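Shown next, in structure tokens, is the structure this report addresses.
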Amino acid sequence: MEFQRKMTELQSLVEKTLGHLFLNEYPSASIVHSINYSLTAGGKRVRPILAIAICDALGGDINEIVGVSAAIECIHTYSLIHDDLPAMDNDCLRRGKPTNHVVFGEANAILAGDGLLNFAYELLLQEIIRNKFETRFVKAAELIATCAGINGMIAGQVMDMENETKKISVDELYKMHSMKTGALIKASCMAGALIAEREELYQTVETYSEHIGIAFQIIDDILDYTGNEITLGKSIGSDRENQKATFVTLLGLEESKQLAQNHSTEALKYAEKIDHSGFLADFTRYLLNRQN
Ligand code: GRG
């Protein structure tokens, strides 16, 4: 019950923040409309919640990380819009709605993604200026940029494309997902620790994030195999269509479930060291048991 109350509180904070990002006058109202369509479509908000919850648990001020967490969700939403494009996975359903390019056309969807990515850095720079160039904000911004960029999420996406139709090992799958999915999850957790400035716990937070990052992707693969589009709110089966290796295709369903459980169990050991209130541990269990 306490977990649900805190989840609702954090989700509302994230929704409110995201809902206010694109309210001003913009020269091109149409692109803002298309950005807001995807940004406020109601994702789970896993990454901003991780950033805020970890900052809070480590004694940081929630108000100081809200802007940073919104920037991370902008980057995540851009990656989903671009990942759904015909040139990428060519998916038609996301967050329970037709994908951005289906509604607004491919060119607009590319620009909406570009707009969100740029806006994320505008937000991060605004936070740095507002906080008088404090090192912790600069470090958080640098880490987020690195994890989202060509040494992080983009590198993972490139590997994903290059691995299509190839036979790859479980180790290679780990490597790809540690970048494609894991890097932004790591940046979210570490942003919380950096803004709270709890240097002695950086390693603990990083290890926690690595375990939940990989567990998150294994569950994603399992849901893509066992779930349905209505519950998931997104297209399924494109990995199969594109002949991509997944944890389920390489290891089978039962072994994949066990592997996700193992990583969650490991993550829980670290969650307890980060957050004595128990929220992060409950959130870790929620990520393991999620149905969408
Ligand atoms: C520049 C073309 C171009 C690509 C950018 C698209 C991209 C790089 C990378 C893809 C990253 C990606 C889509 C990774 C998948 C991660 C993943 C499991 C996403 C689903 O996240 P959830 O479940 O989604 O948190 P919600 O909708 O709840 O936010």
Notebook entry, point to check: Assuming Gln11 fulfils every condition listed in (1) away from the ligand (no atom under 16 Å from the Cβ); (2) more than 21 Å from Ala141 (Cα to Cα) apart from one, which condition is it?
Noted result: (1)
Note to self: Looking only at region 52-80, count every residue that is away from the ligand (no atom under 16 Å from the Cβ) and assigned to a helix (DSSP H, G or I) and tell me the total.
What the structure shows: 11
Notebook entry, point to check: helices (runs of 4 or more DSSP H) wholly in region 113-231 with at least 2 residues that are over 24 Å from Gly59 (Cβ atoms) and more than 10 Å from the ligand (Cβ to nearest atom) - which ones?
Noted result: 135-148, 153-163, 170-180, 202-226
Note to self: Go through region 1-39 and report how many residues are under 19 Å from Val68 (Cβ atoms), surrounded by 14 or more Cβ atoms within 10 Å (Cβ to Cβ) and polar (S, T, N, Q).
What the structure shows: 2
Check: Of the residues that make up region 82-89, is at least one assigned to a loop (DSSP other than H, G, I, E, B), buried (at least 16 other Cβ atoms within 10 Å of the Cβ), acidic (Asp, Glu) and under 18 Å from the mean Cα position of the chain (by Cα)?
Finding: yes
Notebook entry, point to check: Across region 225-249, what is the number of residues that are closer than 19 Å to Gln157 by Cα and surrounded by fewer than 20 Cβ atoms within 10 Å (Cβ to Cβ)?
Noted result: 11
Check: How do the pairs read when you match residues in region 204-221 that are touching a residue at least 60 places away in the same chain (Cβ under 8 Å) with residues anywhere that are within 10 Å of the ligand (Cβ to nearest atom) and among the polar types (S, T, N, Q), using Cβ under 9 Å and keeping only pairs 6 or more apart or on different chains?
Finding: Phe216/Thr181
Margin query: So Lys97 ticks every box in (1) near the ligand (Cβ under 10 Å from one of its atoms); (2) touching a helix residue (DSSP H, G or I) at 6+ places or on another chain (Cβ under 9 Å) but one. Which box is left unticked?
Written below: (1)
Note to self: Which of the numbered conditions does Glu172 fail, given that it passes all the others? Conditions: (1) under 23 Å from Glu142 (Cβ atoms); (2) surrounded by fewer than 22 Cβ atoms within 10 Å (Cβ to Cβ).
What the structure shows: (1)
Notebook entry, point to check: Does Val158 qualify as being over 20 Å from the mean Cα position of the chain (by Cα) and either modelled with pLDDT of 95 or more or surrounded by fewer than 16 Cβ atoms within 10 Å (Cβ to Cβ) (or both)?
Noted result: no
Next item on the list: Within region 262-273, identify whether any single residue is more than 14 Å from the ligand (Cβ to nearest atom), surrounded by fewer than 21 Cβ atoms within 10 Å (Cβ to Cβ) and touching a residue at least 24 places away in the same chain (Cβ under 8 Å), and answer yes or no.
Entry: yes
Note to self: For region 1-49, give me the residue count where each residue is among the hydroxyl-bearing types (Ser, Thr, Tyr) and on the phi > 0 side of the Ramachandran plot.
What the structure shows: 0
Checklist line | Members of region 108-123 that are over 17 Å from Asp83 (Cα atoms) and of a type in the set (A, V, I, L, M) | finding: Ala120, Leu123
Notebook entry, point to check: Out of the residues in region 232-247 that are among the basic types (Lys, Arg) and assigned to a loop (DSSP other than H, G, I, E, B), which is farthest from Gln258 (Cα to Cα)?
Noted result: Lys234
Check: Which residue pairs have Cβ atoms closer than 8 Å, lie 6 or more positions apart in sequence or on different chains, and pair a first residue in region 34-54 that is closer than 17 Å to Arg285 by Cα with a second residue that is assigned to a loop (DSSP other than H, G, I, E, B)?
Finding: Lys44/Arg290; Lys44/Asn292; Ala53/Asp275; Ile54/Asp275
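The values are calculated or read from the model by the stated rules, or taken from the named source; none is laboratory data. Here the structure is a predicted model, which is why all the values come from computation and not from measurement. Quick reminder, even Gly has a Cβ in these numbers, built from the backbone with ideal geometry, and neighbours come from all protein chains shown.
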